[in-house]
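These notes are about the structure you will find just below.
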Amino acid sequence: MAKQVKARFTFIRISPLKLRRIANLVRRKDCNFSLALLRSLPNKGARIVEKIILSAMANAKKNHQMEDSNLLINEIYVDGAGMLKRFRAQSRGRAAPIKKRMSHLTINIGELNGSESTS
């Protein structure tokens with residue numbers, strides 16, 4: 001079995017739906033290609049995913065002596081992390097709830113084998 005390197009970023013102040021859109025773009029892609037793709041996107045989620053990919057690549061290089069050019073994103077997923085509950089004033093003395101959602105981001109990267117493609 002090939003080596004797997006895991007990195008997690010927890011309690012991120014961004015909605016899981018917004019972060020999943022970005023995570024779906026880079027799933028099963030080469031790490032260097034994914035970083036180039038994320039740098040061209042204007043989203044806040046792209047900066048967050050870029051940061052966690054760089055962290056996982058650094059873990060792979062330092063702890064497992066893997067080459068940066070051979071790394072592939074095997075698995076990336078986003079989970080909900082709870083929410084901050086706030087209230088906003090409404091008419092006639094009422095209050096409307098606001099749910100500020102948070103996310104957990106987990107990424108597993110591994111070495112690229114000859115049989116796998118980067119598309």
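The values are calculated or read from the model by the stated rules, or taken from the named source; none is laboratory data. Just so it is clear, the structure is predicted and the values come from calculations on it, not from any experiment. Quick reminder, even Gly has a Cβ in these numbers, built from the backbone with ideal geometry, and neighbours come from all protein chains shown.
Is there a residue being surrounded by 15 or more Cβ atoms within 10 Å (Cβ to Cβ) and of a type in the set (Ser, Thr, Tyr) anywhere in the stretch 30-39? Yes, the stretch 30-39 contains a residue that is surrounded by 15 or more Cβ atoms within 10 Å (Cβ to Cβ) and of a type in the set (Ser, Thr, Tyr). Of the residues making up the stretch 84-114, those that are outside any strand (DSSP E or B) and of a type in the set (Lys, Arg) are ARG92, ARG94.
If the condition is being of a type in the set (Lys, Arg) and under 22 Å from THR10 (Cα atoms), then the stretch 26-60 contributes ARG27, ARG28, ARG39, LYS44, ARG47, LYS51.
Each row is one residue, and each column tells you yes or no for (1) modelled with pLDDT of 95 or more; (2) surrounded by 10 or more Cβ atoms within 10 Å (Cβ to Cβ).
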{"position": "LEU71", "(1), (2)": "no, yes"}
{"position": "GLU75", "(1), (2)": "no, yes"}
{"position": "GLY80", "(1), (2)": "no, yes"}
{"position": "PHE87", "(1), (2)": "yes, yes"}
{"position": "ARG92", "(1), (2)": "no, no"}
{"position": "ILE109", "(1), (2)": "no, yes"}
{"position": "LEU112", "(1), (2)": "no, yes"}
{"position": "GLU116", "(1), (2)": "no, yes"}
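When ARG8, ARG20 are checked against the criterion of being more than 13 Å from ILE109 (Cα to Cα) and either modelled with pLDDT of 95 or more or of a type in the set (D, E, K, R) (or both), a single residue qualifies: ARG20.
Quick check: is even one residue across the stretch 35-50 closer than 29 Å to ALA2 by Cβ and β-branched (Val, Ile, Thr)? Scanning the stretch 35-50 turns up at least one residue that is closer than 29 Å to ALA2 by Cβ and β-branched (Val, Ile, Thr). In the stretch 45-83, what residues are free of Cβ contacts under 8 Å to residues at least 40 places away in the same chain and not in a strand (DSSP E or B)? GLY45, ALA46, ARG47, GLU50, LEU54, ALA58, LYS61, LYS62, GLN65, ASP68, SER69 - these are the residues of the stretch 45-83 that are free of Cβ contacts under 8 Å to residues at least 40 places away in the same chain and not in a strand (DSSP E or B). From the list ALA2, ALA46, ALA36, the lone residue that is in contact with a strand residue (DSSP E or B) (Cβ under 7 Å, 6 or more places away or on another chain) and of a type in the set (A, V, I, L, M, F, W, C) is ALA2. Restricting the stretch 1-29 to residues that are among the β-branched types (Val, Ile, Thr) and surrounded by 17 or more Cβ atoms within 10 Å (Cβ to Cβ) leaves a set whose member that is farthest from HIS64 (Cα to Cα) is ILE14.
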